[in-house]
1. How about segment 81-129: which of its residues are among the aliphatic types (A, V, I, L, M) and not in a helix (DSSP H, G or I)?
2. Suppose the filter is more than 19 Å from the chain's Cα centre (by Cα) and among the charged types (D, E, K, R); does Asp184 pass it?
3. Residues in segment 296-303: is at least one hydroxyl-bearing (Ser, Thr, Tyr) and either over 19 Å from the mean Cα position of the chain (by Cα) or in the same structural domain as Gly69 (by TED's automatic domain parsing) (or both)?
4. Return the residues of segment 185-199 that are surrounded by fewer than 18 Cβ atoms within 10 Å (Cβ to Cβ) and either among the acidic types (Asp, Glu) or in contact with a Ser or Thr (Cβ under 6 Å, 6 or more places away or on another chain) (or both); say none if nothing qualifies.
5. Being at pLDDT 95 or above, outside any helix (DSSP H, G or I) and at negative phi: is that true of Ile272 here?
6. Spot the failing condition for Leu182; the list is (1) crowded, with 23+ Cβ neighbours inside 10 Å; (2) in a loop (DSSP other than H, G, I, E, B), and only one is missed.
7. Given the residues His219, His175, His169, His180, which is the only one that is in contact (Cβ under 8 Å) with a residue 24 or more places away in the chain, closer than 20 Å to Pro247 by Cα and not polar (S, T, N, Q)?
8. Return the pairs, sorted by first residue and then second, in which the second residue is surrounded by 18 or more Cβ atoms within 10 Å (Cβ to Cβ) and acidic (Asp, Glu), the first residue lies in segment 140-163 and is within 22 Å of Phe282 (Cα to Cα), the beta carbons are less than 6 Å apart, and the residues are 6+ apart or on different chains.
Amino acid sequence: MDRVINERGQVREEVTRKVLAAARELGLRRVLPESHRSMIRINVILARPELPLINRMGIEFRRLGHRMGHSVVIHRTVLDDEAPATIATALLRSSCDAAIVYAQDHPLIHSAIAEMDAGGKPVVTMISDLPGSRRLAYAGTDHVKAGRSAGYFLTRMTLPGKIIVLCNHLGFQSHAERLHGLRDFLTEAGNRHVVAQVVEGGDDVIRSEARLKAAFADHPEAVAIYNVGAGNRGVAAAIRAGLLVDPPTFIGHELTQFTWGILQEGLMTLTIDQNPELQAQFALDVLLNHFGFDHATHVEPPYVSTVPIGLYGPENLPDIRPE
């Protein structure tokens with residue numbers, strides 16, 4: 001082992017591979033000899049790049065790719081839609097050694113991940129987890145806590161009343177858990193605030209606006225809106241239509257160019273940011289560690305994501321508007 005780890009030479013390649021594998025199993029936290037690391041290719045699958053969060057993810061993985069050496073190559077597969085069949089096909093067609101993906105909780109996605117895992121190609125989920133799948137790790141925030149945080153601030157910023165919730169749809173674990181966290185907090189707080197309606201807008205601006213306007217017409221006395229997804233432009237347009245009796249408290253997600261602007265304007269009250277840059281770094285660190293690049297990361301099994309959420313209001317916005 002000494003000759004292999006310290007590169008003293010005169011060791012057959014077959015023996016070297018066995019020694020390095022044994023060293024990893026024993027938990028030897030050492031920089032492996034450079035000559036014994038093969039190149040790894042990681043496929044980052046991004047659906048609907050027009051969404052601000054996905055765009056931020058793409059930018060960050062591009063930056064990370066530029067910082068990697070020749071031993072690590074990051075590919076980005078950009079998809080026009082987030083349908084389970086589309087994403088499952090992209091996973092299975094990839095010739096890379098591993099994948100990082102954001103996908104909804106669906107049997108097709110689980111099956112694709114299981115097939116990749118069986119073939120020795122680990123998958124890391126990001127943004128939204130698939131806890132029942134054979135994924136290697138999840139890189140993201142605690143969405144239940146995010147929903148509970150929204151409930152905490154809503155109940156302290158508004159008088160008791162109705163809350164309208166907007167989501168993509170509840171097939172996404174992140175959206176379902178945020179709603180679950182909100183409802184749990186409201187129940188514990190005594191049900192003085194209630195979720196009057198959950199609107200599924202598909203993270204589409206026009207659809208979200210239209211369906212919210214219909215919900216506002218049904219509940220003109222609503223005091224707050226919680227958008228758990230990416231439809232903030234639709235929310236802003238619906239609020240500006242003036243269908244509610246009073247201007248509502250509006251809590252949403254992600255700090256983007258648009259939310260920076262409506263926070264400064266006062267239309268939005270608070271945004272909960274899930275630090276996509278830290279998610280991207282954690283996902284990459286997990287895979288680097290898995291493939292033996294121990295010196296490049298500070299993570300080790302079991303891989304538990306500790307990416308924190310950030311809270312932004314009009315008074316603590318960054319001086320520079322986000323990209």
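The values are calculated or read from the model by the stated rules, or taken from the named source; none is laboratory data. Just so we're clear, the structure is a prediction, and the values are computed from it rather than from any experiment. Reconstructed Cβ throughout: ideal geometry from the backbone, glycine too, with neighbour counts over all protein chains shown.
1. So the first thing to find is which residues in segment 81-129 are among the aliphatic types (A, V, I, L, M), and the list is 83, 85, 87-88, 90-92, 98-101, 103, 108-109, 112-114, 116, 118, 123-124, 126-127.
Scanning segment 81-129 gives Ala83, Ala98, Ala99, Ile100, Val101, Ala103, Val123, Val124, Met126, Ile127.
2. Values: more than 19 Å from the chain's Cα centre (by Cα): yes; among the charged types (D, E, K, R): yes.
In short, yes.
3. Start the filter on segment 296-303 by keeping residues that are hydroxyl-bearing (Ser, Thr, Tyr), which leaves 297, 303.
The next check asks that each one be either over 19 Å from the mean Cα position of the chain (by Cα) or in the same structural domain as Gly69 (by TED's automatic domain parsing) (or both); those that pass are 297, 303.
Yes: segment 296-303 contains one or more residues that are hydroxyl-bearing (Ser, Thr, Tyr) and either over 19 Å from the mean Cα position of the chain (by Cα) or in the same structural domain as Gly69 (by TED's automatic domain parsing) (or both).
4. Glu188, Ala189
5. Working: at pLDDT 95 or above: yes; outside any helix (DSSP H, G or I): yes; at negative phi: yes.
Against the criterion (at pLDDT 95 or above, outside any helix (DSSP H, G or I) and at negative phi), Ile272 qualifies.
6. (2)
7. Details: His175 fails: closer than 20 Å to Pro247 by Cα; His169 fails: closer than 20 Å to Pro247 by Cα; His180 fails: closer than 20 Å to Pro247 by Cα.
Unique residue meeting the criteria: His219.
8. Cβ pairs passing all conditions: His143/Glu177; Val144/Glu177.
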